[in-house]
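Okay, structure first, notes after.
Please treat every number below as a calculation from the coordinates, not as lab data. In this text the structure is predicted, and so the values were computed from the model without any measurement. Neighbour counts run over all protein chains shown; Cβ positions are idealised from the backbone, glycine included.
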Amino acid sequence: MLISQLQKTTDCIFIFPPCSESPDSSFNYHLGSAYIISYLNTQGVDARQYIHRDPVNLKTCIAEILGLKPRVAGFTVYDSNYSVAALIAGEIRKSSPQTSIVFGGPCPSVHYGFIMNSCAFVDACFINEAEENFLEFMKQLSSEDFNFDKTDFSGIQGITYRQSGKIFGNHENRTLRNHSISSYYLDSYPSPYLGEIIPATEAHNTGIITARGCNQNCIYCNCAVLSNRRISAHSVDRVISEIEYISPHQKGNQILTFQDDTFTLITKRAAEICNAIIRQHIKVRLACITRCDCIDEALLDLMKEAGFVSLTFSLESVNPITLRRIGKVRPAEEILSDNLEKEEKFIENFDRMAAYAKKIGFQNIVTSIMVGLPGETLSEANRTVEFVENNKNIDQYAHNFLKIFRGTPIYSNYEKYGYKIRYINGNPIFLKMNYPVDVIRKVYISPKSHLHSKKKENDKSTLSILSLSVKDIKSAGFTSIILQSDHVSEKLVNWLKDVLSINGIIIQIYSGEKPMKRLSDRNYEKLTRYSSPSLNIRNYFLKEIKDASLLLSSESVLLKSCEEDDNIKICSFEYFRSRLDEPEANFLKTFCRETDYNDSVSACSFLRDTGMEKDPLTFLTRKKILPNFASLCKWTRENANCVNRSTLIINDRSEVRFCWQGNVSGLVGQPYRELISSLESEMNNAKTRRKCDMCKEESNCVKCPFPFPLPEMEYCTAKRISNVGQTAELIYALDQVKQFFC
Amino acid sequence: MKDFKKLGELSLLDILESSVGREEAERLLGTIQEAITKGMSGDDLKKFIYQELCRSSVTDIEVYMLFSLPVIIHR
């Protein structure tokens, strides 16, 4: 029995901080750490995952983690959550110096040297697979009563650690390399699902893994390097037992993803898994990544029958010479031979396999391409994009720009191809690429690309944040901020640690395109340098058009998608009302603000007139889709930011507001509590002034403290004597249809 | 991919009908009307509509990318 079982502590808490590119701000399950937890648990170590579903701020997050009294805090670290992981880890060290802090995952597997040298609060980094090495680490640590400095870690593989200020390490990790694929060594690690570490209902998010490692030669990728080009697999029986257990818990359209680097690397094994699923009549919808040279028609037929609905082919380029240079089909050569037969065949196969997959009914065929590859010209890169765009069998593609990561084969000689790499704040985890040709601006990005989907999703969520129509979530801290300023200061970033939830959304609205282009990188550097709780940043700028403004994003510029209907339009209420019945008017991406008294009166009368219709529901559903409104909340019962306190608006004078029309509730730098008190005081004063307690609408009214530009008494009268409130609630409710389908 | 220029020119009813079919759209709106008549409003109505939409919709995996981050980061 470990000491924690006697002292009600936890041996190890695993923490997977949200990644900056992800819209999700929760602390979720992670398949990799669940494997380790599962293994540790069966060996008597009390390990568990820190889960927090709703957005959470730094203070609450630290309190919750330390409330579990962990002896060890283990972080799952990627490049995209490194900054937040370091922030949380640093705070844990300050509050609980006796808790050992360990980083593992893809980022420390490559950057362990930098992390150990720059983060004094990190006691150890694990490199590559950690099930067995972590168990050994925990055993050694507990045998010394969790005194890190006294413990002997010298016999452990794949670790670097700090003792008495000095860094030691045994970076080699051969745990999985000494076993052949046919030994199914991976089966010695218990299933995170069968052991109920991850609930089966979460499997559509976390996926399963049937094999680890990659045996390919791509010079831009770390997968094969980290696995030493060896594959370690689960037995077919083990894979099937997991799928069989998970499948009844999959709902509706949920898909179970095979997270293998390439599921069909060994086609015979892939076929065996498919056959077993078919034989056992398991009903499941599946997805995986594959390669066109590791699949054929017969396997596609089997996969379809087994339940695969979505396939992603990694393609990268349709130029044989480029494929040869990057080692996509066979090992890359320093001096290229003339024979590109294999690469040409690869491209032909891609075309054939995608066509066949579509023909037999796969619902979603996706591919990935990369531009900016070694030696690639602009016309070659554009040819790849055009090929994917014109291929009717491809539903979508990932438009990637080559990034040269430390540890990849190309990292050792990238300069000879003309690349330059700049590290933001000298941190090799945050790199900025400079390509020999301008692939970012001069390569066409097709509407089929994931970048267009991302812009669409971001704009939709931004509209929702701008209209302050927040979700019904219990959050510690604000989940988003709207920063109307060209600048980010150290003071602002430090203040965000108090007020913004971890990975909360930062919408920065620049005064124009030029300031955005000039300052956004510098602002990003400040956010990383001063450890912002979020790097989930969306950059926008305003552009005036006739009678309205456009809110264009950095993606609008990248995608050259600056047309009116492709972007968020900001207009007055009168602009909307006067065009509502025009056949070509389009308010899908419109944000409507009341600009003056007349505009407010117009909005109020629109709501009142709609409410007086014989059947307001039918009236509204037969009208064109309505815009998002800035001030509709004032007519509702409780659907307002002053009640839900989800978003803060900050202007370039560092003044903080809770609503577009609201008074200043504080300044950047003021504690969270003070801001809330100031708002509550405004709300209470308004209620007293208006004698809300005596009003018949008291229980149906949000009692907006800032109804401006409508005078207070007119606001109260309209709320009391008309049905504007009911109409406003109905518009809010019907917005669900728009959110759902558009 | 949906054409947003066209979507914005449609009514909610058009979108409902094209997404779940005319019959289901009518049933859905009838159910919402019934809930409103019974006095449901605000967040309750919002949640109710969402649940009904989930029940009615058989949305295909239109936007599903294995190379998207939410999947990659869970590996």
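Given R₀ = 25 Å, what would the calculated FRET efficiency be for A:ASP521 paired with A:VAL437, taking r from the Cβ atoms and rounding to 0.05?
Between A:ASP521 and A:VAL437 the formula returns 0.75.
Sort A:ILE219, A:ILE676 so that the residue with the fewest other Cβ atoms within 10 Å of its own Cβ comes first and the one with the most comes last.
Taking fewest neighbouring Cβ atoms as first place, the list is A:ILE676, A:ILE219.
Obtain the nm distance between the two label points defined at A:LYS69 and A:GLU196 by a simple spin-label model: each point lies 7 Å from its Cα along the Cα-to-C-beta direction.
Computed distance between label sites A:LYS69 and A:GLU196 equals 2.4 nm.
Is chain A best put as rounded, prolate or oblate by its Cα gyration tensor, with a ≥ b ≥ c the root eigenvalues, rounded for a/c under 1.5, and otherwise prolate when a/b is larger than b/c, oblate when not?
Since a/c reaches 1.5 and a/b is larger than b/c, the shape of chain A is classed as prolate.
When A:TYR78, A:TYR444 are ordered from fewest to most other Cβ atoms inside 10 Å of their Cβ, what list results?
A:TYR444, A:TYR78
Say R0 is 25 Å: what FRET efficiency, to the nearest 0.05, do A:LYS94 and A:ASN494 get from their beta-carbon distance?
0.95
Would you calculate the separation in nanometres between label points at A:SER461 and A:LEU336, each defined as 7 Å from the Cα along the Cα-to-beta-carbon direction?
Here the modelled spin labels are 3.9 nm apart.
Counting only other chains, what is the mean number of Cβ atoms within 10 angstrom of the Cβ of each residue in peptide B:44-51?
5
For each of A:SER605, A:SER232, count neighbouring Cβ atoms within 10 Å of the residue's Cβ, then give the residues from fewest to most.
Ranking A:SER605, A:SER232 by Cβ neighbours within 10 Å, fewest first, gives A:SER605, A:SER232.
Extending each Cα 7 Å along its Cβ direction at A:TYR245 and A:ARG383, get the distance between those two points in nm, one decimal.
The two pseudo-label positions are separated by 5.0 nm.
What is the extension gain from A:GLU144 to A:LYS403, computed as 0.36 nm multiplied by their sequence separation minus the C-alpha to C-alpha distance, in nm to one decimal? If you can, show how the numbers build up before the last one.
Numbers: separation 259, 0.36 × 259 = 93.24 nm, distance 4.32 nm.
This chain segment gains 88.9 nm when fully extended.
What FRET efficiency comes out for A:ARG174 versus A:TYR423 if R0 is 25 angstrom and r is the Cβ-Cβ distance? Round to the nearest 0.05.
Efficiency computed from Cβ-Cβ geometry: 0.25.
May I ask you to compute the full-extension gain from A:SER183 to A:ILE167, defined as 0.36 nm times their residue separation minus their alpha-carbon distance, rounded to one decimal in nm?
2.2 nm
How would you order A:302-311, A:503-512, A:687-696, A:233-242 from highest to lowest mean count of nearby Cβ atoms within 10 Å?
Averaged packing, sorted descending, gives the order A:503-512, A:302-311, A:233-242, A:687-696.
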